[in-house]
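**Q** The structure's right below; bear with me while I get my questions together.
The values are calculated or read from the model by the stated rules, or taken from the named source; none is laboratory data. This is a predicted model, so every value here is computed, not measured. Note that we place each Cβ from the backbone using ideal geometry, even for glycine, and neighbour counts take in every protein chain shown.
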Amino acid sequence: MYEEWGGKDYLLLTKQNDWWKKNWKNLFGYKDGERDKILYPLSKAPSGKTTRPQPDGIKFALMVYELRDTPLLNGNEDEVGGIVGDKWEIAKYIAKFHILIQKLSIALWHTVSWSNL
């Protein structure tokens, strides 16, 4: 699912702005008079205006979808005592993953020798 978006790993590990610059035309763009050929139309508000997508919404939606059949307990995969499809367990797993990514980003930031750039 969503292979034309770049796949799970690409979506999860790519900054939203970088992903958007590379993919927006193919996935959401259209030529004049061909609006019905948009692969993924953007959301419409009740007023009829196109709403702005949330930057990390795609990543989180994909993670929830992929974790729906994974047994989870206390934010970890657990084949023995894990609960499958529990929304709270999925949320804890995603939060733990997101915090880990933030810590790795901060650690990487501090290891770069900025004077050599």
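**Q** Given the conditions (1) surrounded by 11 or more Cβ atoms within 10 Å (Cβ to Cβ); (2) assigned to a helix (DSSP H, G or I); (3) modelled with pLDDT of 85 or more, report the number of the one that Leu11 does not fulfil.
**A** Result: Leu11 passes all but (3).
**Q** Here's a follow-up. Taking the stretch 58-75 as the region of interest, how many residues are over 22 Å from Tyr10 (Cα atoms) and loosely packed, with under 14 Cβ neighbours inside 10 Å?
**A** Counting residues in the stretch 58-75 that are over 22 Å from Tyr10 (Cα atoms) and loosely packed, with under 14 Cβ neighbours inside 10 Å gives 1.
**Q** Criterion first (aromatic (Phe, Trp, Tyr), modelled with pLDDT of 75 or more and not in a helix (DSSP H, G or I)) does Tyr40 satisfy it?
**A** Here the answer is yes, as Tyr40 does meet what is asked.
**Q** Evaluate the following for Lys49: is it within 18 Å of Ala95 (Cβ to Cβ) and either exposed (fewer than 12 other Cβ atoms within 10 Å of the Cβ) or at pLDDT below 85 (or both)?
**A** So Lys49 does not fit the description; no.
**Q** Going residue by residue through the stretch 21-30, is there one that turns out to be at pLDDT below 85 and assigned to a helix (DSSP H, G or I)?
**A** Yes: one or more hits.
**Q** Go through Lys59, Lys92 for me and flag whichever is closer than 28 Å to Trp20 by Cα, part of a helix (DSSP H, G or I) and modelled with pLDDT under 85.
**A** Result: Lys59 is the single residue among Lys59, Lys92 that is closer than 28 Å to Trp20 by Cα, part of a helix (DSSP H, G or I) and modelled with pLDDT under 85.
**Q** Are there any pairs with C-beta distances below 6 angstrom linking a residue in the stretch 23-44 that is over 16 Å from Glu4 (Cα atoms) and assigned by TED's automatic domain parsing to the domain that holds Gly6 to a residue that is of a type in the set (Lys, Arg) and in a loop (DSSP other than H, G, I, E, B), with the two at least 6 apart or on different chains, and if so which?
**A** No pair meets every condition.
**Q** Have a look at Ile94, Ile90, Ile101, Ile83 and point out the one that is of a type outside the set (Phe, Trp, Tyr) and free of Cβ contacts under 8 Å to residues at least 12 places away in the same chain.
**A** Ile101
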